[in-house]
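Before any comments, here is the structure.
The values are calculated or read from the model by the stated rules, or taken from the named source; none is laboratory data. Just so it is clear, the model here is predicted, and its values are computed rather than measured. Here the Cβ positions follow ideal geometry from the backbone for every residue, glycine too, while neighbour counts run over all protein chains shown.
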Amino acid sequence: MGVKLLLEKAQVAGIRSYDVYRREGGYRSVEKALKTMGPEAIVEEVKKSGLRGRGGAGFPAGMKWSFIAKPEGVPRHLVCNADESEPGTFKDRYLMEFLPHLLIEGLIVSSFALGSNDTYIYIRGEYAWIVDILEAAIGEAKANGWLGKNILGTGFDCNIHVQRGAGAYICGEETALIESLEGKRGNPRIKPPFPAVQGLWMRPTVVNNVETLAAVVPIINMGGEEYAKIGVGKSTGTKLISACGNIKKPGVYEIDMTISVEEFIFSDEYCGGIANGKRLKACIPGGSSVPILPANLLLKTAKGETRYMNYESLSDGGFATGSMMGSGGFIVLDEEQCVVKNTLTFARFYRHESCGQCSPCREGTGWMEKILKNIEYGKGKTSDIDLLWDIQRKIEGNTICPLGDAAAWPVAAAIRHFRDEFEWHVKNPEESQKRNYGLAHYADAIHVPA
Amino acid sequence: MTKFNDTQLQEFNRLVARYPEGKQKSALLPVLHLAQESFGGWLSSETMDYVAELLQLNPIEVYEVATFYSMYNLKPVGKYMFEVCQTGPCMLRGSDNIIAYIGEKLGIKPGETTPDGMFTLKTVECLGACGYAPMMQLGKHFREHLTKDKVDAIIAECRSSAAANN
Ligand SMILES: Cc1cc2nc3c(=O)[nH]c(=O)nc-3n(C[C@H](O)[C@H](O)[C@H](O)COP(=O)(O)O)c2cc1C
Ligand code: SF4
Ligand code: FES
C-alpha cells in the first residue's frame, strides 16, 4: 500500500461531518499555522514541499504564492478552482464529496498565508449537490470558530463562499474563472497582467486547484521537507488519479508517484487490469487534453525504460513519444475501442467549449470535428488526415488561452500514433461504420502481465 | 408574475451579500440559477429582465451571460430533463446505446421534449463522472452506471413522482 495523505481517512464512517473529522485529527494544521507560523513561514513550507499545482499545469504552488502582489490597502483573494471539467477527471469531486472539511481546512491555512479574508470556491454548476455539502461543512467550521472573525484569537478574519458556475469548461482556465466570478461570460483575459497582480475585481488573486489546496494540510502537519521526501524528483507528495475507460476498477486513487504505469493499470490495488478479458491498446494518462499513447509507449518509454506515474516520467520523450500528467484523468482504451471515435468526441467537446474569442480556436475546433466525423462515419479521404494535421498545427500556440492547444494536442497525438487506424477508416468506410471500432493489432506487441 | 417570493428573495439577498459593496454583478450566475429554478426551469426574457432590474444591470449584461453557459435553458424544457453524457470516457462505456435507448423509450431525439411536456432528452459533455459511466444528470443529482433496466426504473420513478405531485 502506498502512502495516503489525502484519502487516508476517506473510508472512516461519518468523516464528512465536523465532529468525526475533528476527532480524527482534523484542523490541526490551522492551529499550527495560525498560532505558531506566520504567513511567510507557511509559504516557505509550501515551497520546500515542492508541491506542484494539481489542476493540470503543474506549476510550483509555493512559487505562485510568493508572486502575489501586496499593494497597501487593497484586499487580496484566494480562489479555489473546483470547476473540474476536463474529460476523464473526477478527483476533485471525490475529495469535496467525501472529505469536505479537508478542503476547508486547507483553504483556511492558505487564506491566512495569502491574506485573503474572503475566499471563493468556484465549483462547476453541475456539482449542485456538492455545493450543499460544502456549505454545510463551512457552516460547521464557522460554528466551531475556524471561520469568521478573529479566528483562534489571532485577529485573522476569513469567510469562504461557494460560487456555482453554469456549464462551461473554459471557466476552469483561471482568468476565465475570474471573469465568471465577476458575473460575466467566461472569456479568458490576455496575460499580463497576471491574476497575482490584477485578478478578481482587479485585486491580487491566487487561483489554485482543489487538490493543491487540500495538500497544504499534510504539508503543514508534517512539514515541507518531510512531504518532499515522498515521491521522486520534482514529483513530490501524492497525486489523485481518476481512472476510467475499460478497466476493472474505475475510480479515484491516491498514488505516491513512484509506482509504474503498469502497476497502476494491472495491480488489484488500483485499476485491476482491463475489463472483459480484453487487452490494453492505448491510454490518455492526464485528461482529454494530453497526448494519447499506444500501450507500448505507455508502459515503457522510447528508450525502453519503465514508465512511472509521475510528472517527469509521463512526459519523457516529449510529444513525440511521451504524454503528460495533466489533471490525472486516466482514460484507458482496450484493443477494440476506436481511437478515431474517441478523438471525435474530444474534438466535439472542444468545439462546444471554445469561448470563440480567437479565430484559430473557434474555427479550427469546428473544422476538426467535421473532418473527424467524416472519417469516423466512412466519408473521409486520405487527404483529410493531412488536413487535420495541418489544422491542429495552426491552432497550437496561436490563441489567447491554452484551450486551443488542449484541442490540438489530442488530434495530433492520435494521428501521430494511430495513423493507420485513420487510414483504415478511410479505406474501409462500410466496415468502419458497421463495427465501429478500430484496429486491434496495436495490442499484439504488448506485454500483458499474467 | 415573474417575481421572487419572500423565501426566494431571502436567498437572493444571501447570494448578493457574499460580494463586496458595489460588486453585486458577481451574483449574476447564482441568481440566474435561482431564477431558473423558481420560474419553470428556463429563463424567459421577462425573467432575465427581472434579474437585471434586481441586480441593477443592463438587460444585455444578463442576456450575454445567459446565452454563454450551457446550464441555462433559453426555452421551456420538460419536467424531467435527462442530460446524458456523450464524451469519450462515457462513450467508451456505451453511452451511445443508452442515448439511443432513452430516445426509443420516450419517442424523442436528443434536444426534444415529449409532447406531454414530461421529459426532455439532452446530450451533454463530460460531467465529472467518467469512472461511473454511462451516466446522466437528472435535476440536482447524477444517475450513474446506467443500464437499460436502470433507465426503465428512472422513467417509472419520474412518472410516479409526477403523478404523486398532481
Ligand atoms: C481550458 C482550461 C481548463 C482548465 N480547467 C481547470 C479545472 O477545471 N480545474 C483546475 O484546477 N484547473 C484548470 N485549469 C488550469 C487553471 O488555469 C489553473 O492553472 C489552475 O487552476 C491553477 O491551480 P494549480 O496551480 O493549483 O493547479 C484549466 C486550464 C485551461 C486552459
Ligand atoms: S483559445 Fe479558444 S477558449 Fe481560449 S480564449 Fe481563444 S477562443 Fe477562447
Ligand atoms: S465523460 Fe461522461 S462524465 Fe466524463
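Would you call A:G224 modelled with pLDDT of 95 or more, over 14 Å from the mean Cα position of the chain (by Cα) and at positive phi?
No: the conditions fail for A:G224.
Please work out which one of (1) within 11 Å of chain A (Cβ to nearest Cβ); (2) without any contact (Cβ under 8 Å) to a residue 24 or more places away in the chain is the condition B:Q10 fails and give its number.
In the conditions (1) within 11 Å of chain A (Cβ to nearest Cβ); (2) without any contact (Cβ under 8 Å) to a residue 24 or more places away in the chain, B:Q10 misses (1) alone.
Any residue in region A:112-138 that's of a type in the set (G, A, S): show its pairings with residues that are part of a strand (DSSP E or B) at Cβ separation under 6 Å, as long as the two are six or more apart or on different chains.
Partner pairs satisfying both residue conditions: A:G115/A:R76; A:S116/A:R76; A:S116/A:H77; A:S116/A:L78; A:G125/A:R164.
What tally of residues in region A:181-230 results from selecting those that are among the charged types (D, E, K, R) and closer than 19 Å to A:L134 by Cβ?
Result for region A:181-230: 1.
Checking A:D19 against (1) closer than 26 Å to A:K229 by Cβ; (2) in a helix (DSSP H, G or I), which single condition isn't satisfied?
The number of the failed condition is (1).
Restricting attention to region A:210-256, and to residues there that are among the β-branched types (V, I, T) and within 14 Å of another protein chain (Cβ to nearest Cβ), which single residue is farthest from ligand 2 (Cβ to nearest atom)? Talk me through it step by step, then tell me what you get.
Our first condition is that a residue be among the β-branched types (V, I, T); within region A:210-256, this holds for A:210, A:212, A:216-217, A:219-220, A:230, A:232, A:236, A:238, A:241, A:247, A:252, A:255.
Next, from what is left, pick out any that are within 14 Å of another protein chain (Cβ to nearest Cβ): A:210, A:241, A:247, A:252.
Working: A:V210: 22, A:I241: 26, A:I247: 31, A:V252: 27 Å.
Checked region A:210-256; the qualifying residue farthest from ligand 2 (Cβ to nearest atom) is A:I247.
For region A:347-356, which positions are part of a loop (DSSP other than H, G, I, E, B) and either among the hydroxyl-bearing types (S, T, Y) or more than 7 Å from ligand 2 (Cβ to nearest atom) (or both)?
A:S354
If you go through region A:75-84 one residue at a time, do you hit one that is within 16 Å of ligand 3 (Cβ to nearest atom) and not small (G, A, S)?
yes
Which of the residues belonging to region A:291-314 are within 17 Å of A:G231 (Cα to Cα) and surrounded by 21 or more Cβ atoms within 10 Å (Cβ to Cβ)?
A:R307, A:Y308, A:M309, A:N310, A:Y311, A:S313, A:L314
Can you go through A:L333, A:L344, A:L388 and tell me which one is part of a helix (DSSP H, G or I) and within 14 Å of chain B (Cβ to nearest Cβ)?
Residue meeting the stated conditions: A:L344.
Looking at region A:357-387, which of the residues that are without any contact (Cβ under 8 Å) to a residue 40 or more places away in the chain and within 16 Å of ligand 2 (Cβ to nearest atom) is farthest from A:P429 (Cα to Cα)? Steps first, answer last, please.
Let us first name the residues in region A:357-387 that are without any contact (Cβ under 8 Å) to a residue 40 or more places away in the chain, namely A:359, A:362-363, A:366-367, A:369-374, A:383, A:386-387.
With the extra rule that they be within 16 Å of ligand 2 (Cβ to nearest atom), the set shrinks to A:359, A:362-363, A:366-367, A:369.
Working: A:S359: 32, A:R362: 29, A:E363: 26, A:G366: 22, A:W367: 20, A:E369: 18 Å.
Ranking the candidates gives A:S359 first.
So which residues in region B:94-110 are within 24 Å of A:C283 (Cα to Cα) and surrounded by fewer than 23 Cβ atoms within 10 Å (Cβ to Cβ), if there are any at all?
B:G94, B:D96, B:N97
Scan region B:76-85 and give yes if some residue there is buried (at least 18 other Cβ atoms within 10 Å of the Cβ), within 30 Å of B:L29 (Cα to Cα) and of a type in the set (D, E), otherwise no.
Checked region B:76-85: at least one residue is buried (at least 18 other Cβ atoms within 10 Å of the Cβ), within 30 Å of B:L29 (Cα to Cα) and of a type in the set (D, E).
Filter region B:118-153 down to the residues that are in a helix (DSSP H, G or I) and either touching a residue at least 24 places away in the same chain (Cβ under 8 Å) or within 14 Å of chain A (Cβ to nearest Cβ) (or both) and list them by number.
Answer for region B:118-153, where residues must be in a helix (DSSP H, G or I) and either touching a residue at least 24 places away in the same chain (Cβ under 8 Å) or within 14 Å of chain A (Cβ to nearest Cβ) (or both): B:C130, B:G131, B:Y132, B:K148, B:V151, B:D152.
Here's the yes/no breakdown for (1) of a type outside the set (G, A, S); (2) within 19 Å of A:G106 (Cβ to Cβ); (3) in contact (Cβ under 8 Å) with a residue 12 or more places away in the chain:
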position: A:A214; (1), (2), (3): no, yes, yes
position: A:A228; (1), (2), (3): no, yes, yes
position: A:V232; (1), (2), (3): yes, no, yes
position: A:K239; (1), (2), (3): yes, yes, yes
position: A:C244; (1), (2), (3): yes, no, yes
position: A:Y253; (1), (2), (3): yes, no, yes
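Pick from region A:96-120 the residues that are buried (at least 23 other Cβ atoms within 10 Å of the Cβ) and more than 19 Å from A:G38 (Cβ to Cβ): which of them is nearest to ligand 3 (Cβ to nearest atom)?
A:M96
For A:G145, work out the one condition from (1) within 16 Å of ligand 3 (Cβ to nearest atom); (2) in a loop (DSSP other than H, G, I, E, B) it doesn't fulfil.
Among (1) within 16 Å of ligand 3 (Cβ to nearest atom); (2) in a loop (DSSP other than H, G, I, E, B), A:G145 violates only (1).
State which residue is farthest from the other protein chains (Cβ to nearest Cβ) when the search covers only region A:63-103 and only residues that are without any contact (Cβ under 8 Å) to a residue 40 or more places away in the chain and under 13 Å from A:A196 (Cβ atoms).
A:M63
May I ask you to verify whether B:G103 is more than 11 Å from chain A (Cβ to nearest Cβ), of a type outside the set (D, E), outside any helix (DSSP H, G or I) and touching a Lys or Arg at 6+ places or on another chain (Cβ under 8 Å)?
No: the conditions fail for B:G103.
Go through region A:142-194 and give me each residue that's under 30 Å from A:A33 (Cα atoms), in contact with a helix residue (DSSP H, G or I) (Cβ under 8 Å, 6 or more places away or on another chain), within 16 Å of ligand 2 (Cβ to nearest atom) and within 13 Å of chain B (Cβ to nearest Cβ).
Those that are under 30 Å from A:A33 (Cα atoms), in contact with a helix residue (DSSP H, G or I) (Cβ under 8 Å, 6 or more places away or on another chain), within 16 Å of ligand 2 (Cβ to nearest atom) and within 13 Å of chain B (Cβ to nearest Cβ): A:L177, A:I178.
Looking at region A:55-69, can you tell me whether even one residue there is more than 16 Å from ligand 3 (Cβ to nearest atom) and either of a type in the set (V, I, T) or closer than 28 Å to B:V16 by Cα (or both)?
At the first step, the residues of region A:55-69 found to be more than 16 Å from ligand 3 (Cβ to nearest atom) are A:55, A:57-69.
Checking the rest, the ones that are also either of a type in the set (V, I, T) or closer than 28 Å to B:V16 by Cα (or both) come to A:68-69.
Yes; the residues of region A:55-69 include at least one that is more than 16 Å from ligand 3 (Cβ to nearest atom) and either of a type in the set (V, I, T) or closer than 28 Å to B:V16 by Cα (or both).
Got at least one residue in region A:116-134 being away from chain B (no Cβ under 14 Å) and either in contact with a strand residue (DSSP E or B) (Cβ under 6 Å, 6 or more places away or on another chain) or not in a loop (DSSP other than H, G, I, E, B) (or both)? Outline the logic, then answer.
To start, the set of residues in region A:116-134 that are away from chain B (no Cβ under 14 Å) comprises none.
Checking region A:116-134: not a single residue is away from chain B (no Cβ under 14 Å) and either in contact with a strand residue (DSSP E or B) (Cβ under 6 Å, 6 or more places away or on another chain) or not in a loop (DSSP other than H, G, I, E, B) (or both).
Of the conditions (1) of a type outside the set (D, E, K, R); (2) in a loop (DSSP other than H, G, I, E, B); (3) farther than 30 Å from A:K91 by Cα, B:I60 fails just one. Which one is it?
(2)
Could you run through region A:1-47 and say how many residues are surrounded by fewer than 17 Cβ atoms within 10 Å (Cβ to Cβ), farther than 28 Å from A:E263 by Cβ and of a type in the set (V, I, T)?
Selection size over region A:1-47: 2.
For A:D83, all conditions in the list (1) at pLDDT 95 or above; (2) within 18 Å of the chain's Cα centre (by Cα); (3) under 21 Å from A:M257 (Cβ atoms) hold save one; what is the number of the exception?
Among (1) at pLDDT 95 or above; (2) within 18 Å of the chain's Cα centre (by Cα); (3) under 21 Å from A:M257 (Cβ atoms), the lone unmet condition for A:D83 is (3).
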